[in-house]
Amino acid sequence: MIERKRTLSRRSFIIRGAAAGGAALLGGCDQLSQSPSFRDMLNRAEGLTEWAQRLVLSQRSLAREYAESDISAYFKPNGSTRVADPEYIRASQNGFADWKLRISGLVERPGEFSLDELRCLPSRTQITRHDCVEGWSAIGKWKGAQLGPILQSVGLKPDARFIVFHCADKLSFFSNYYESIDLIDAFHPQTILAYEMNGAALPVPHGAPLRLRVERQLGYKHAKYIQHIEVVSSYSDIGDGLGSYWADRGYEWYAGI
């Protein structure tokens, strides 16, 4: 356990220290992605972190959870803080009462879930630290439906390997935000589709009505404004084929901490 904490703390120190030291931080993630030295740093750390989490540590080992007293007074809403899509705007004006999460791809029973239906599924509440690649951290309380039971309910086909999250927001003119994780992280007990933050409905700047919490990964993996989950055998034909919006722009796909 002591060695595990040392391994993870070293990784967090490398990421936060390197990110904090670069002038590109002033422009946020998009400028960081243009820095060759920053991409090289992530490349070197990436393989070691995934190996540590997948082989040295238990695949179901938990990210640290905190007490209510540790919750940050301010939690920065990073990335997109609003969505321009007209359909999303209409849904938000109605309190997302008519909103649906669509699940498709390599599943036996494709379908849709309303927010009320998601709230009735097995849930988990966790107080965890969000580590942004820009160098800041914040602790928040999240409640949401566990992703594993949802995937079990729709039935994964034998060739399913990755879960892709398609989002309503855009960080560029041409493409919506998207993210993906593999089945190991999808079935991790702390991987949830969060609909509450700090005891209240998830606010729009933090990804309402639904965002991913995958607590052993850096902040840019925690996709916001999820509207469609697609189960695939490969993500090579989605976006630029590297598995996520930021991976397509030079960041690492796994992004473990």
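The values are calculated or read from the model by the stated rules, or taken from the named source; none is laboratory data. Just so it is clear, the model here is predicted, and its values are computed rather than measured. A quick note on method: Cβ atoms are made from the backbone with ideal geometry, for glycine too, and the neighbour counts reach across all protein chains shown. Accessible surface is based on the protein model in full, side chains and every heavy atom, while ligands, DNA and RNA are left aside. Shrake-Rupley method; radii C 1.70, N 1.55, O 1.52, S 1.80 Å.
Miscellaneous remarks
- Estimated at 0.36 nm per residue, the fully extended path between ARG102 and LYS170 surpasses their Cα-Cα distance by 22.6 nm.
- Segment ARG161-SER236, length gained on full extension (0.36 nm per residue, minus Cα span): 25.8 nm
- Structural descriptor for the range 68-227: relative contact order 24 percent, calculated from alpha carbon pairs under 8 angstrom and at least 6 residues apart.
- Per residue accessible area of the range 63-249, 1.4 Å probe, in Å²: 42
- With q set to 0.13, 0.16, 0.18, 0.20 Å⁻¹, the log10 of I(q)/I(0) for the range 63-249, from the Debye formula over equal scatterers at the Cα positions, is -0.63, -1.00, -1.30, -1.62.
- Spin-label pair GLN93/GLU112, simplified geometry with 7 Å Cα→Cβ offset, distance in nm: 1.9
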